[in-house]
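K.L.:
Here it is, the structure in full.
Please treat every number below as a calculation from the coordinates, not as lab data. Just so it is clear, the model here is predicted, and its values are computed rather than measured. Cβ placement follows ideal geometry from the backbone for every residue including glycine, while neighbour counts extend to all protein chains displayed.
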Amino acid sequence: METQSKKSTTLKLTDLKSMPIRTFWITSIAFFICFFAWFGIVPFMPDVVKDLGLTPEQKWNSIILAVTGTVFARLLIGKLCDKYGPRLCYTYLLIIGAIPVILLGFVQTPTQFLVCRLFIGFIGASFVITQFHTSIMFAPNIVGTANATSAGWGNLGGGANRLGMPLIAAAVVSFGVADEIAWRYSMVIAGVIAMLMGVVYYFFTQDTPEGNFAQLKEEGRMPTIKKDEEGFMSVLKDYRVWILFVVYGASFGIELTVYGTMDDYLQNTFGVSRSMAGNLVLSFALMNIFARTLGGFFGDRFGKLKGLRGRVLFLTMILAVEGVMLTIFSTTTSIAFGMIFLILFSLSVQMAEGATFSVVPFINKKAIGSISGIVGAGGNVGAFMAAMFLKSKSSVAETAALATNSNLGEEAMKAAQAAAASGAVSSGYFVIGGFVAVTALTTLAIKFSTADEKAVKEELKVELAFAAADK
């Protein structure tokens, strides 16, 4: 026997008595804290390099390890959510994931630092649990908006640490701690906050609107979330899952890579200062406050007008816009025009991320966690591949430029190197933009059956009836 659902049909953020809304807030804050801790060391890297004596290769390896750890964790955590529920998964992820964050404050060697970075990357799987939890808390008419908003606000943690971690370090220094080791105390504090959030998650959320998985299983009221191997294998065989895997790589993955390389690109191409470049990139990251939500919102609106096919069509359109904007930006030489197309790229790429997870909950209702995990991992795989592509192009171009201008003096060599890096990354952005546009066309292959469309309409009818009865 399956339980009747009490999913929320609205996203009324002030209704904290509602379990879906309370869960939305707690899961968004947990996600924010995880991303804050995951990227928390980034503002301190100059101090870390000096303190531990990291080589450029070790510094790069630490970035790769952090992303690698997240890929595997996201693939695993989705299946665990299907089996044990998001409440326990998030609780354990926050508490256990906080350990390497805290330990990072005590490392003494480059190897210890690299190991901690690998395991800290596991908390990046928090995204999957957040998307899973909001997917089973909200009805079809609003689930895209809820997913996109929670993801966007959580993603802010990855940018907020640029401001937040230095503030924590400044507070630590005010208590008499030396500047050069303040980063250690800051990481310990970030880890303790994550650990405390795990306790909050355990006591103030539940798996579904009707109760926790364990309780519902005992009462024979388990929701339709399949947990056997056959169910997982059906997910792996579903071509739609792998299209969305690539789509999320072409949206979130490309966003990570572009923002990761944009500081240097703006300086090399347009001659802006390092501080101005950093502020511009941070402002684009802060667009997550509303841009992802717009993607989910329009996904829901198109879903209302055209059904599940409508959600796919909107994803196709916004992904194509993302690719075109990046391609045009790569060819601009004017800072004014460049900023216009960079803003449009930032808006469209984040909307594409939101639109992706307005489609995900409808692929297979019985394995939302597994699908969210696979698609989420696609983002990190996309980021890794795009970063390696740009790094290889830039490395070859810079090496050639330095060799050609080796007899012209240090200033001339630096200028040649900057120009070579700018040209290489520019052509790289152009190719990546084209790849994104082609990926947009592949989304048209995502199909839903008539039975799927009917099931969504029936589910929404039930949820709206519950909502009307509660008023």
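K.L.:
Exposed loop sites here are GluC sites (Glu not before Pro) in DSSP loop states with at most 15 other C-beta atoms within 10 Å. What is the longest stretch of the chain lacking them? Mind dumping the intermediate values first?
P.N.:
Details: sites that count: E2, E219.
With a cap of 15 other Cβ atoms within 10 Å, the longest stretch comes to 220-471.
K.L.:
Note down the magnitude of the dipole of the chain about its Cα centre, charges +1 on Lys and Arg C-beta and -1 on Asp and Glu C-beta and zero elsewhere, to the nearest 20 debye.
P.N.:
Values: 37 positive and 31 negative charges, 220 e Å.
It works out to roughly 1060 debye.
K.L.:
Here is a further query. Restrict the search to region 4-81; then list the trypsin sites (Lys or Arg not before Pro) that DSSP places in a loop and that have at most 14 other Cβ atoms within 10 Å of their Cβ.
P.N.:
Working: sites: K6, K7, K12, K17, R22, K50, K59, R74, K79; in loops: K6, K7, K12, K17.
Counting only loop positions with at most 14 other Cβ atoms within 10 Å, the trypsin sites (Lys or Arg not before Pro) in region 4-81 are K12, K17.
K.L.:
Whole Å is fine, so just give me how far the alpha carbon centre of region 278-333 lies from that of region 449-467.
P.N.:
Comparing the Cα centres of region 278-333 and region 449-467, I get a distance of 27 Å.
K.L.:
Now for a different question. If the viscosity is 1.567 mPa s and the temperature 4 °C, what translational diffusion coefficient in µm²/s does Stokes-Einstein give for region 1-225 when Rh comes from Kirkwood over Cα pairs?
P.N.:
Diffusion coefficient, whole number: 71 µm²/s.
K.L.:
Under the Karplus relation 6.51 cos²θ - 1.76 cosθ + 1.60, θ = phi - 60°, what is the ordered set of whole-Hz ³J(HN,Hα) values for region 145-159, x standing for Gly and Pro?
P.N.:
For region 145-159, the Karplus-derived couplings read 5, 5, 4, 5, 5, 4, 5, x, 5, x, 4, 4, x, x, x Hz, x marking Gly and Pro.
K.L.:
Right, here's the next one. Please work out whether region 232-366 counts as rounded, prolate or oblate from its C-alpha gyration tensor, where a ≥ b ≥ c are the square roots of the eigenvalues and a/c under 1.5 means rounded, while otherwise a/b larger than b/c means prolate and anything else oblate?
P.N.:
Numbers: a/c = 2.58, a/b = 2.11, b/c = 1.22.
Prolate, since a/c reaches 1.5 and a/b exceeds b/c.
K.L.:
Still on this structure: What is the list of residues in region 140-157 whose amide nitrogen lies under 19 Å from a point 7 angstrom out from the Cα of T10, following Cα to Cβ?
P.N.:
140-147, 149-150
K.L.:
Please state, as a whole number in µm²/s, the translational diffusion coefficient that the Stokes-Einstein equation yields for region 38-104 at 20 °C and 1.002 mPa s, with Rh defined as the Kirkwood radius across alpha carbon pairs.
P.N.:
Details: Rh = 13.8 Å.
In µm²/s, the coefficient is 155.
K.L.:
Rounded if a/c is under 1.5, else prolate if a/b is larger than b/c, else oblate: which is region 195-290, with a ≥ b ≥ c the root eigenvalues of its Cα gyration tensor? Before the final figure, lay out each step's value.
P.N.:
Values: a/c = 4.62, a/b = 1.92, b/c = 2.41.
Verdict is oblate for region 195-290.
K.L.:
Roughly how compact is region 347-403, stated as its Cα Rg over 2.2 N^0.38 Å to two decimals? The partial results should precede the final answer.
P.N.:
Details: Rg = 17.4 Å, N = 57, 2.2 N^0.38 = 10.2 Å.
Normalised Rg, Cα atoms only: 1.70.
K.L.:
In angstroms, what radius of gyration and Dmax does region 58-189 have, counting Cα atoms only?
P.N.:
16.9, 53
K.L.:
According to a simple spin-label model (label point 7 Å from Cα along Cα-to-Cβ), what is the distance in nm between I289 and A467?
P.N.:
2.7 nm
K.L.:
While we're here: How many percent of Cα pairs in the chain exceed 35 Å?
P.N.:
Numbers: 35115 of 110685 pairs.
Summing the P(r) of the chain above 35 Å gives 32 percent of all pairs.
K.L.:
For region 229-471, what number results from the quotient of the Cα radius of gyration and 2.2 N^0.38 Å?
P.N.:
Values: Rg = 21.1 Å, N = 243, 2.2 N^0.38 = 17.7 Å.
Here the answer is 1.19, to two decimals.
K.L.:
If you don't mind, another one. Scan region 136-241 for chymotrypsin sites (Phe, Trp or Tyr not before Pro) in coil per DSSP, keeping those whose Cβ has at most 13 other Cβ atoms within 10 Å, and list them by number.
P.N.:
Numbers: sites: F138, W153, F175, W183, Y185, Y201, Y202, F203, F204, F213, F232, Y239; in loops: F175.
Passing both the DSSP loop test and the Cβ count: F175.
K.L.:
In addition: Once you sort the root eigenvalues of the Cα gyration tensor of region 319-429 as a ≥ b ≥ c, which label holds: rounded (a/c under 1.5), prolate (a/b larger than b/c) or oblate (the other case)?
P.N.:
oblate
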